[in-house]
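J.: Below are the structure tokens for one structure; questions will follow.
The values are calculated or read from the model by the stated rules, or taken from the named source; none is laboratory data. Quick caveat: nothing in here was measured; it's all calculated off a predicted structure. For neighbour counting, all protein chains shown are included, and Cβ atoms are generated from backbone atoms with ideal geometry for every residue, glycine included. SASA here: full protein model, heavy atoms, side chains in, ligands and nucleic acids out. Shrake-Rupley method; radii C 1.70, N 1.55, O 1.52, S 1.80 Å.
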Amino acid sequence: MLSGQIFLLFGQQKIVFQTGKTAPFKVLGVHLFLAGNFNNWNPADTAWELHPGQPGQYQLLKVLPKGIYNFKLTKGSWQTVECTAIGKPIDNRSITILHDTTVTLNVEGWQDNFAAAGKKHTASSQVHIISEKFNMPQLDRQRRVWVYLPKDYELSKRKYPVIYMHDGQNLFDDYTAGFGEWGVDELLDKLPAKNECIVVGIDHGGEYRITEYDPYDSKYGKGRGDDYVDFLVKTLKPYIDTHYRTKTGAEHTTIAGSSMGGLISMYAALKYPDVFGNAGIFSPAFWIAPEIYQLAQQKSLPAKSRFYFVCGDAESDSMVTDMKKMAAIIRVKGKNDDKTPVVIIKGAIHNEKQWNGDFPGFYSWLRKGW
């Protein structure tokens, strides 16, 4: 039974989430949760726990603003997330809330009902681990750092542009990727060697990911984005430029990432425009750090600075609006459409599959400025 008083604010809708046909549980007393773009994909968020209602059914009543919501049902972890009837991963659920409604959730299977699939390494031979424990003195932590080298790197004496990317676990290798990989290495491997570049991937910090990629304090903790960006500029880039043949100027140095990685890429390009001359802003999480708009308005940018904005129109209700707002601020600074393209992918949602599809367009645009 659902109980308690619900006070609706203007523009908010009453939503009942309830389970329908559900794959059997292995044990009694199972807890079910919703994890999605409304709670930073927390698989065990008690504020989004469904509770037993009618026999065999779980329910959750929420009051939400109109918008697009992406989510999955879990039993408290990503190892126990819903899946297909044969144990395969499913795409995120997506609903558009326009009015009071009931959402029925049918679940074909639970991941823990199936033997763990044997994951395989998929990184190409051009991908190497620089260090499993690269020192980050600005954060007093260590992190794995990857590098992708062009096919002709060992045979030539050329110098190459460099892209610095976040969430290194998800860039090259399906074995280390939690939700699928970008496949950056496979995409670059298909290009002629003369069109390739060096890509440096920095692993995220797990529980520190949100605060490391956020330059501002939030409900998730004290922002350490300043320290993380300082690490990139003052520690990692000097190392890369010393140990690899790089084109060191800003016009050949790019920062790129998605979601929180898109946010911190934007911040890095604003804070250090003379270091990062280009930025790939994929599905940026500007919602968590609205202060960044004021920073963008205040900052002066070099004439050659370039920003590539891209997201899907089915990611969240505010994603497209937020991204266009930032692009408009940058364009006021004299950046034409060629230097600040805004790409909206119809039907695309917030995941690595989308960013894999977005990367070739971004890279083609990037190369035109090299």
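J.: Which Cα, out of Tyr293, Leu34, Gly178, lies furthest along the positive dipole direction of the chain (beta carbon charges, K/R +1, D/E -1)?
T.: The Cα lying farthest towards the positive end belongs to Tyr293.
J.: Then there is this: Using 1/(1 + (r/R0)^6) with R0 = 30 angstrom and r between the beta carbons of Asn135 and Lys159, what's the FRET efficiency to the nearest 0.05?
T.: Once the sixth-power term is evaluated, E becomes 0.70.
J.: So what's the angle, to the nearest 10 degrees on a 0 to 90 scale, between helix 319-332 and the longest Cα principal axis of the chain?
T.: Between helix and principal axis, roughly 30 degrees.
J.: Between Rg and the Kirkwood Rh of the chain, both from Cα atoms, what is the Rg to Rh ratio?
T.: 0.99
J.: What ranking, highest mean first, results for peptides 203-210, 161-168 when packing means the other Cβ atoms within 10 Å averaged over each residue?
T.: 161-168, 203-210
J.: Here's another thing I want to ask about it. Heavy atoms only, probe 1.4 Å: what % of the accessible area of segment 294-370 goes to carbon and sulfur, would you let me know?
T.: After summing per-atom areas, the C and S share lands at 50 percent.
J.: Let me understand segment 8-154 better: what is its radius of gyration from the alpha carbons, and its Dmax, in angstrom?
T.: 20.5, 66
J.: Hey, which of these cross-link pairs are over 23 Å Cα-Cα: Lys271/Lys304; Lys26/Lys75; Lys271/Lys335; Lys325/Lys368? All intermediate terms of the calculation are to be shown ahead of the outcome.
T.: On the way: Lys271/Lys304 15 Å; Lys26/Lys75 11 Å; Lys271/Lys335 17 Å; Lys325/Lys368 25 Å.
Violating the 23 Å limit, Cα to Cα: Lys325/Lys368.
J.: In debye to the nearest 20, how big a dipole does segment 1-154 give about its Cα centre with +1 on each Lys and Arg Cβ and -1 on each Asp and Glu Cβ?
T.: Once rounded to the nearest 20, the dipole reads 80 debye.
J.: Most fluctuating residue of Met323, Met260, Met136 in a GNM of the chain with Cα springs under 10 Å: which is it?
T.: It is Met136.
J.: Separate question: What angle, in degrees between 0 and 90 and rounded to the nearest 10, separates the Cα long axis of helix 260-271 from the longest principal axis of the Cα atoms of the chain?
T.: Taking Cα atoms only, the helix is inclined about 40 degrees.
J.: List the relative contact order of the chain as a percent without decimals, with contacts defined as Cα pairs under 8 Å and 6+ residues apart.
T.: Once divided by the residue count of the chain, the mean separation gives 12 percent.
J.: Are there chymotrypsin sites (Phe, Trp or Tyr not before Pro) in segment 94-146 that DSSP puts in a loop and that have at most 14 other Cβ atoms within 10 Å, and which ones?
T.: Passing sites in segment 94-146 are Phe114.
J.: Using a Gaussian network model of the chain whose springs link C-alpha atoms within less than 10 Å, name the residue from Gly76, Gly280, Gly20 with the highest mean-square fluctuation.
T.: Gly20
J.: Taking only protein heavy atoms into account and a 1.4 Å probe, give the accessible area per residue of the chain in Å². The partial results should precede the final answer.
T.: Numbers: 17180 Å² over 370 residues.
I get 46 Å² per residue for the chain.
J.: Assign one of three labels to segment 207-350, namely rounded, prolate or oblate, based on the Cα gyration tensor with a ≥ b ≥ c the square roots of its eigenvalues; rounded applies when a/c is under 1.5, prolate when it is not and a/b is larger than b/c, and oblate otherwise.
T.: Oblate.
J.: Using a 1.4 Å probe on the protein chains only, how many percent of the accessible area of segment 101-192 belongs to carbon and sulfur? Walk me through the numbers before you get to the answer.
T.: Working: 2350 of 4570 Å².
On segment 101-192, the fraction of accessible area on carbon and sulfur atoms equals 51 percent.
J.: May I ask for the angle, rounded to the nearest 10°, between helix 352-368 and the longest principal axis of the chain, with both axes built from Cα atoms and the value confined to 0 to 90°?
T.: On a 0 to 90 degree scale, this one is about 20.
J.: Any idea what the dipole of the chain comes to, in debye rounded to 20, about its Cα centre with Lys/Arg Cβ at +1 and Asp/Glu Cβ at -1?
T.: 760 debye
J.: Additional query: Could you work out [θ]222 nm for the chain from helices alone, using -39500 (n - 2.57) per DSSP H run of at least four and dividing by all its residues? Round to the nearest 500 deg cm²/dmol.
T.: Per the formula, -6000 deg cm²/dmol.
J.: Continuing with this model, one more query. Please go through the residue pairs Lys157/Lys247; Lys237/Lys339; Lys119/Lys346; Lys157/Lys194 and name each one whose alpha carbons sit more than 22 Å apart in this structure.
T.: Lys237/Lys339; Lys119/Lys346
J.: Roughly what % antiparallel, to the nearest 5, for the DSSP beta bridges in the chain?
T.: Antiparallel: roughly 55 percent of the beta bridges in the chain.
J.: Between Asp226 and Arg93, what length in nm is gained on full extension when 0.36 nm per residue of separation is reduced by their alpha carbon distance? Don't jump to the answer; show the numbers that get you there.
T.: On the way: separation 133, 0.36 × 133 = 47.88 nm, distance 3.42 nm.
Net length gain for the segment: 44.5 nm.
J.: Same structure again: Pick from Lys271, Lys324, Lys14: which residue has the top mean-square fluctuation in a GNM of the chain where Cα pairs under 10 Å get a spring?
T.: Lys14
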